[in-house]
Amino acid sequence: MHPRAVTVTGIAPESRRGARMSLPDLIEIVPLPAPVRAEITVPGSKSLTNRALVLAALAEGQTDLSGALWSEDTRLMVEGLRQIGFAVDVAPELNESSNRTLTVHGLGGQVPAGGSLESPRELFVGNAGTVARFLTALLCLGHGVYRLTGTRRMHERPQEALFDALRELGYCLDSVSNRLPVRIHGGGSRPGTCCVSVRESSQFASALVLAAQVGGWRVCVVGEDLEESPYVTMTSQMVRRFPQHGGEFVIEPDASSGSYFWAAGALPFGSSDLKCQIKVLGWPDSGWQIDARFPEFLPLPETLSRQRHLGDSIMTAVVLAPFADRPVTFTDLGRLRVQECERVQALRTELTRCGANVVEQGDTLTITPSALHGAEIGTYHDHRLAMCFAVVGLRVPGIKINNPACVKKTFPDFFRKLAVPPPGGLGATILDGHNRQPLPFERLSAG
């Protein structure tokens, strides 16, 4: 079945058919029986989509965002903007089931007013770091009181550096722990200078840069650990190129999502040198996404740094390391500890569960070539862990993935991409993890 034949509109009857149309809570990936040739498309970049949504809301007039990702995180951003008072229209795109054209009706730098101290305007951000941080800065430009809340994990994730920078500009943010939940007192434009550390997240700086032109802010990025600075550069370049008076902005494919298919193409088959021939179409060439460099690091070098080489796709490289022909060391991983889960510990734990030899020392993982075996993988509600270990399952028998639906955060149709016959997919068989029955295609979407 060609992926174009199944769109979100074709899945609408799920509301009538019930849970049998959704992914089960445990799936098993069956290894590919032989190398395949495939040309894969992946949905739009989450990082670009959520930045573009904020910029479009602050622009004047109508902006069409084509190729935009439609996933849990971007839906949360759209819903947040709507709750604030911005109009956002959503239209399907036929060539990629997880993409939409998003039309934002900007208000020329005006942010709709919030509520009162007793009854603030409430917004829920889930566990989406970009939504939580970007809307925090955006709401400071409004007037009245807003309150941001999220999931339990989002309430644990750091926010203090962003809150402090906004307070330096004169805004009032009330938070017991300098994390979410937070009450934001909008103050409109307040020209001034602030400094923000990116030691824990570059999203703090990006949030400020996105709103800086309307707010009249000068943003100084500080901190010895600038590991996420490529994302700040992405934000700055987007601000310069974005149409401020309406128009169209094209979202390029997500390089982090594409890394799983490049990784599948790097898996060896037995003792032979045979590998899949997999190409990700429309590969980003803007230079904005650091993970667009992923193919440059195949085969894996002896050392990879999250500070200098890759962003989130370093997790994909980590799960490839047991298949390498020599030990591979991954450095500067501290940022992974404060994301969707404690990712360094999670990677070590789950790879070890599969039989890998993994040594964790500080913010470094060293992995030696290992003979892996099947295991039931915990995903910690983390989309990237689910997709990383699904790649392992394409080579190692018996890999079962808990809570596979967590991929809806950034790639709702990921498992469909694995299952679609080549050349549009890999032709993988995916089983119900409980009864080992093959799952029909319509049950493989997490959306």
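Observations on the model:
- Averaged over residues, the count of other Cβ atoms within 10 Å places the peptides 170-179, 334-343, 97-106 in the sequence 97-106, 334-343, 170-179, highest first.
- Estimated vicinal HN-Hα couplings, Hz - the stretch 149-158 in sequence order (Karplus 6.51, -1.76, 1.60; Gly, Pro = x): 10, x, 6, 4, 5, 5, 6, 8, 7, x
- Expressed to the nearest 5 percent, the antiparallel share of DSSP beta bridges inside the chain is 65 percent.
- Cα centre as origin, Lys/Arg/Asp/Glu Cβ charges: the stretch 314-416 dipole, Debye: 220 debye
- Between the residues Ser313, Thr74, Leu94, the greatest Cα displacement towards the positive end of the dipole of the chain, with unit charges on the Cβ of Lys, Arg, Asp and Glu, is found for Leu94.
- Were the residues from Val222 through Arg293 laid out at 0.36 nm apart, the gain over their Cα-Cα distance would be 23.0 nm.
- Residues of the stretch 39-58 with an amide N closer than 16 Å to a point placed 7 Å from the Cα of Asp89 along the Cα-to-Cβ direction: 57.
- FRET E, pair Asp174, Ala34, Förster distance 51 Å, beta-carbon r, rounded to 0.05: 0.30
- Using 0.36 nm per residue and subtracting the Cα-Cα separation, the extra length available between His143 and Arg167 on full extension is 7.1 nm.
- Packing, as the average of other Cβ atoms within 10 Å across residues, places the peptides 390-402, 49-61, 359-371 in the order 49-61, 390-402, 359-371, highest first.
- Potential lengthening between Glu156 and Glu122 on full extension [0.36 nm per residue; Cα-Cα distance subtracted]: 10.3 nm
- Relative contact order for the stretch 46-248, counting Cα pairs under 8 Å that sit 6 or more residues apart, in percent: 21 percent
- Local electrostatic count, Gly67, Cβ distance below 14 Å [Lys/Arg +1, Asp/Glu -1]: -3
- Share antiparallel - DSSP beta bridges, the stretch 46-248, percent rounded to 5: 65 percent
- Listed by chain and number, the lysines whose C-alpha is less than 24 Å from the C-alpha of Lys409, apart from same-chain residues fewer than 8 away, are Lys46, Lys279, Lys400, Lys417.
- The order of the peptides 231-238, 137-144 by mean Cβ neighbours within 10 Å, most packed first, is 137-144, 231-238.
- Between Thr303 and Val250, the simple spin-label model (points 7 angstrom out along Cα→Cβ) gives 3.9 nm.
- Within the chain, Cys140, Cys172, Cys194, Cys276, Cys341, Cys354, Cys388, Cys406 have no other Cys Cβ under 4.7 Å of their Cβ and so lack a disulfide-compatible partner by this rule.
- For the stretch 46-248, the dipole from Cβ point charges (+1 on Lys and Arg, -1 on Asp and Glu) about the Cα centre works out to 280 debye, to the nearest 20.
- Dipole of the chain [Lys/Arg +1, Asp/Glu -1 at C-beta], most positive-end residue of Asn435, His155, Pro369: Asn435
- Rounded, prolate or oblate (a/c below 1.5 giving rounded, otherwise prolate when a/b exceeds b/c) for the stretch 220-343 by Cα gyration tensor: oblate
Laboratory data are not the source of any read-out in this text; all were calculated from the coordinates shown. Since the model is a prediction, treat every value here as computed from it, not as a measurement. For neighbour counting, all protein chains shown are included, and Cβ atoms are generated from backbone atoms with ideal geometry for every residue, glycine included.
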